[in-house]
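Asker: Pasting in a structure now, in structure tokens, and then I'll have a few things to ask.
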Amino acid sequence: MIDRRSFVLAASAVLAVPGKLSFGSNAPGTDGRRLPDTQPFSTTGKQVRVYTTADQTAHRISPTDTLSFKAVGQPKETQICVFVDPTRQFQDFLGIGGALTDASAETFALLPKDKQSEFLSAYFDDKHGIGYKLARTNIHSCDFSSGSYTYVTEGDKQLKSFSLDHDQKYRIPFIKQALAATGGKLNIFASPWSPPAFMKDNNDMLHGGTLKPEFYQPWATYYAKFIKAYQNEGIPIWGISIQNEPMATQRWESCIYSAEQERDFLKNYLGPTLKREGLGDKKIIAWDHNRDLIYQRASTILADPQAAKFVWGIGYHWYEPWSGGAQMFDNVRLVHETFPDKHLIFTEGCVDSFDPQKIGEWKFGEQYGRSMINDFNNGTVGWTDWNILLDEKGGPNHVANYCFAPVHANTKTGELTYLSSYYYIGHFSKFIQPGAKRIASSPSRSQLLSTAFLNPDGTVAVVVMNPTERAASYWLWLSGNAAEANSLPHSIQTLVF
């Protein structure tokens, strides 16, 4: 039996031996390091504004308190603290947003004009809403479309018939209004669910299948045509992902790529094509599937220098519990640590299996809060929800794959319902500014979860979530100064100072 003191001495001896322990050149060397020009952060004269959302209350991103710092020094073990250190800085923050799908656009079009204005303000206005700055959309149809369609006629290998006529009715006008509501400050990326049927070995846009090798080039050209066509409509496309969920054979639009197939399509066709077409500045996101296989996919693609040079980042979803397990946040951290020069971006997540009787369940918001805190703390730069709006049935969806969204519209009455997930997302998107730096944040009790960011304007935003049934009084602690706050049961707070 080895006692605690002996263990510490033995461990120290190992660490003292040169070459005994090595993290390699890909260790996160700059993450958390105090940079030479980092100025000490002073709490002098600062007040903490507290915004709260809590179950069994009327608080919905509501201002609930104003706190002051005081000198407290070393906290006791009995004092719950959230320790924050603005001098220890990590990844840059890109933004938070949701998907502007056909389903969202079609539902939005059925709303009365005043409700359309309310909706746009609720999501995209910095002051009156939650300030979305990131958006995803689909390249032709996905399951959240009223039917399958492409931008070319079936069999058109030369893509001469390419047209956005389908999108002109609902999706393009919807995206233009969302873009205008942000003042043009909306980074939009696009994802395909499947190539046209004639390009696939199963001759079907649905049910998986793979892209035929002879169509690698036409399919790569299709992305370029989409980007240029949308940009001609006044909708700039910030980036693309290569394929939505490339390992899932779905009853809706889907297409399978092994890691090697995705790598080779990217390095030999998609990357060079975008560069040749003057679109080399577009961000390319690989994987775009769950956290479970994320390391295998990232390591296979990024091990190839010719493929890696085209990759801006690795996208991922949260559906890995389909197998009966839990969300695998450590896999995100491992990719960040192994490939610190590439970005991580959450590209899709929703609560599935729509049931109107469950629309008020608080756990939906907590699912979002837990994922966002863990994802950001593990190196993620941006976080994109799935459908931004759905109807009273959880659609439209042409294969009846109905899901929840943070906002639902009753298309018969025109009423909007805001779910707990909308408010939980807002505790991040409303207060964390693009360009912010994640900073060190550490709760002293597992009852609380937290993440924190230093904004470009010098303010700090700390998100604290309490998913338990117990209230907690805690200290927001910085360099020996602290402000005492109160966390309600099943609540989330943002503290800004």
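Asker: I want to make sure I understand the PRE zone here: with the label point 7 angstrom from the Cα of VAL399 toward its beta carbon, which residues in region 234-273 have backbone N atoms less than 15 Å away?
Answerer: Hits in region 234-273 for VAL399 at 15 Å: 244-257.
Asker: What FRET efficiency comes out for THR78 versus LYS363 if R0 is 25 angstrom and r is the Cβ-Cβ distance? Round to the nearest 0.05.
Answerer: Numbers: r = 30 Å, r/R0 = 1.21.
So, using R0 = 25 Å, E works out to roughly 0.25.
Asker: If the chain between SER479 and GLN56 were fully stretched, how many nm would it gain, using 0.36 nm times the residue separation less the Cα-Cα distance? Spell out each step's value before the answer.
Answerer: On the way: separation 423, 0.36 × 423 = 152.28 nm, distance 3.47 nm.
Extending this stretch completely gives an extra 148.8 nm.
Asker: Cα extents of region 289-340 along the three principal axes, largest first, in whole Å?
Answerer: Extents along the principal axes: 37, 17, 15 Å.
Asker: So, in nm, how far is label ALA109 from label ALA440 when the simple model puts each one 7 Å beyond its Cα toward the Cβ?
Answerer: Label at ALA109, label at ALA440, 5.4 nm between them.
Asker: Among the listed pairs LYS133/LYS342; LYS358/LYS412; LYS70/LYS363; LYS358/LYS430; LYS393/LYS437, which have their C-alpha atoms separated by more than 31 angstrom in this model? Intermediate results must be reported in sequence, preceding the final value.
Answerer: Numbers: LYS133/LYS342 20 Å; LYS358/LYS412 20 Å; LYS70/LYS363 35 Å; LYS358/LYS430 26 Å; LYS393/LYS437 39 Å.
Over 31 Å Cα-Cα: LYS70/LYS363; LYS393/LYS437.
Asker: Oh, and also: For LYS309, what accessible surface area do you get with a 1.4 Å probe? Give it in Å², rounded to 10.
Answerer: 120
Asker: Further question: Pop the C-beta distance of THR249 and SER163 into the FRET formula with R0 = 41 Å and round what comes out to the nearest 0.05. Display every interim value, and only then the final one.
Answerer: Values: r = 29 Å, r/R0 = 0.71.
Efficiency computed from Cβ-Cβ geometry: 0.90.
Asker: Still on this structure, please answer the following. Enumerate lysine pairs in region 192-310 that are 8 or more residues apart or on different chains, then count those whose Cα atoms are under 18 Å apart.
Answerer: 16
Asker: Which value does Rg/Rh take for region 225-348 over its C-alpha atoms, Rh per Kirkwood?
Answerer: Working: Rg = 14.7 Å, Rh = 15.1 Å.
Ratio of gyration radius to Kirkwood radius: 0.98.
Asker: Now for a separate question. What is the diffusion coefficient of region 76-142 in µm²/s, taking the Kirkwood radius over Cα pairs and the Stokes-Einstein relation at 4 °C with a viscosity of 1.567 mPa s?
Answerer: 84
Asker: Expressed as a whole number of Å, what is the distance separating the alpha-carbon centroids of region 351-406 and region 94-139?
Answerer: 14
Asker: In the chain, carbon and sulfur make up what percent of the accessible area (probe 1.4 Å)?
Answerer: On the way: 10520 of 20640 Å².
Carbon with sulfur: 51 percent of the solvent-accessible area.
Asker: What value does region 115-168 have for Rg/Rh, both radii from Cα atoms and Rh as Kirkwood defines it?
Answerer: On the way: Rg = 16.5 Å, Rh = 14.0 Å.
Over the Cα atoms of region 115-168, Rg/Rh equals 1.18.
Asker: Here's another thing I want to ask about it. Taking 35 Å as R0, compute the FRET efficiency from the Cβ-Cβ separation of SER68 and ASP31 and round it to 0.05.
Answerer: Values: r = 31 Å, r/R0 = 0.90.
Rounded to the nearest 0.05, the efficiency is 0.65.
Asker: For region 284-379, state the semi-axes of the equivalent ellipsoid (square roots of 5 times the eigenvalues of the alpha-carbon gyration tensor), sorted largest first and rounded to whole angstrom.
Answerer: Values: eigenvalues 161, 32, 26 Å².
Listed largest to smallest, the semi-axes of region 284-379 are 28, 13, 11 Å.
Asker: Moving on to the next point. Computed over the Cα atoms, what is the radius of gyration of region 401-497 divided by 2.2 N^0.38 Å, N being its residue count? Could the numbers behind the result be given before it?
Answerer: Values: Rg = 16.3 Å, N = 97, 2.2 N^0.38 = 12.5 Å.
Its radius of gyration relative to the 2.2 N^0.38 Å reference: 1.30.
Asker: Output needed: percent of Cα pairs per 10 Å distance bin for the chain, bins running from 0 to the one holding the longest distance.
Answerer: Pair shares across the bins are 4, 19, 28, 25, 15, 7, 2, 0.
The values are calculated or read from the model by the stated rules, or taken from the named source; none is laboratory data. Since we're looking at a predicted model, the values are computed, not measured. Please note: Cβ atoms are built from the backbone with ideal geometry, for glycine as well, and neighbour counts cover all protein chains shown. Surface accessibility is based on the protein's heavy atoms, side chains included, excluding ligands, DNA and RNA. Shrake-Rupley method; radii C 1.70, N 1.55, O 1.52, S 1.80 Å.
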